1. In whole Å, what are the extents of the range 127-174 along the principal axes defined by its C-alpha atoms, from largest to smallest?
2. Please sort by residue number the GluC sites (Glu not before Pro) in the range 25-131 whose DSSP state is loop and whose Cβ has at most 15 other Cβ atoms within 10 Å.
3. How large is the charge dipole for the chain, taken about the Cα centre, if only the Cβ atoms of Lys, Arg (+1) and Asp, Glu (-1) carry charge, to the nearest 20 debye?
4. Starting at 0 and stepping by 5 Å, how many percent of the alpha carbon pairs of the range 1-60 end up in each bin?
5. With the chain treated as a Gaussian network of Cα nodes joined by springs under 10 Å, which of I72, I53, I14 yields the largest mean-square fluctuation?
6. Can you compute the label reach from A134? Point 7 Å from Cα along the Cβ direction, backbone N cut-off under 12 Å, restricted to the range 73-99.
7. Using modelled amide H (1.01 Å from N, peptide plane; none on Pro or chain starts), what sits under 5 Å from the amide H of L22, excluding residues fewer than 5 places away?
8. Note the full-extension length gain between I14 and K1 as 0.36 nm times their separation in residues minus their Cα-Cα distance, in nm to one decimal.
Amino acid sequence: KTTFFKAILGDKNIDYNGTIKLHGKDIKDCSRNYISKCFAYMQQDSPIIDGDIKTVFKSIRASLTEEEMINILKSVGIVTDEFQASDYKELLDAFIEKDKISEGQRQRLSLAYTLAMDKDIVLLDEPTSHLDAASKEIVIGTLKILVKEKMLLIITHDDQIIKTSENVFKFNIV
């Protein structure tokens, strides 16, 4: 399934039959730069870089306001007290060390950073795999809203996401 995403993202090392088109162009003929302008991609185990949240957000999209950053953090269920911050403005300045946060926190931060890219097509690989039930509900609610504005392609084993999806494609590995 991850190989499918790699093919969509234009990985030249993936061999497949057929054609994947992006805005009418064969993906094999698209530059990496063109592809990266069209897609936001969250890997299953997305790397998180050490640093303060605001700086990471700004490196993703310099035009983001603090209010937009806070709204994105809230949309993925990140709350201030889990990072020992008194409010969201303090949280934006909090230095996050990837090795000192939980898998669920890492996954929600990764999703927040992916959403900050603000692309029309969003690829998510197992976006709820490390989340507790409460965080999962918040993320699924956000995905339900996003699907009205963007094309979401989600690789998942999560029955809750599958049940709420309009189109489901099952891959059979042969």
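1. 35, 26, 14
2. E97
3. Details: 24 positive and 28 negative charges, 172 e Å.
Value, rounded to 20: 820 debye.
4. All Cα pairs considered, the percentages come to 4, 15, 24, 19, 15, 11, 8, 4, 1.
5. Ranking I72, I53, I14 by mean-square fluctuation puts I14 first.
6. Output list for this probe position: 77-82.
7. It is I27, by chain and number.
8. Fully extending the segment from I14 to K1 adds 3.5 nm.
The values are calculated or read from the model by the stated rules, or taken from the named source; none is laboratory data. In this text the structure is predicted, and so the values were computed from the model without any measurement. FYI the Cβ positions are ideal-geometry reconstructions off the backbone, even for glycines, and counts take in every protein chain you see. In case anyone asks, the SASA skips ligands and DNA or RNA and just uses the protein heavy atoms, side chains included. Shrake-Rupley method; radii C 1.70, N 1.55, O 1.52, S 1.80 Å.
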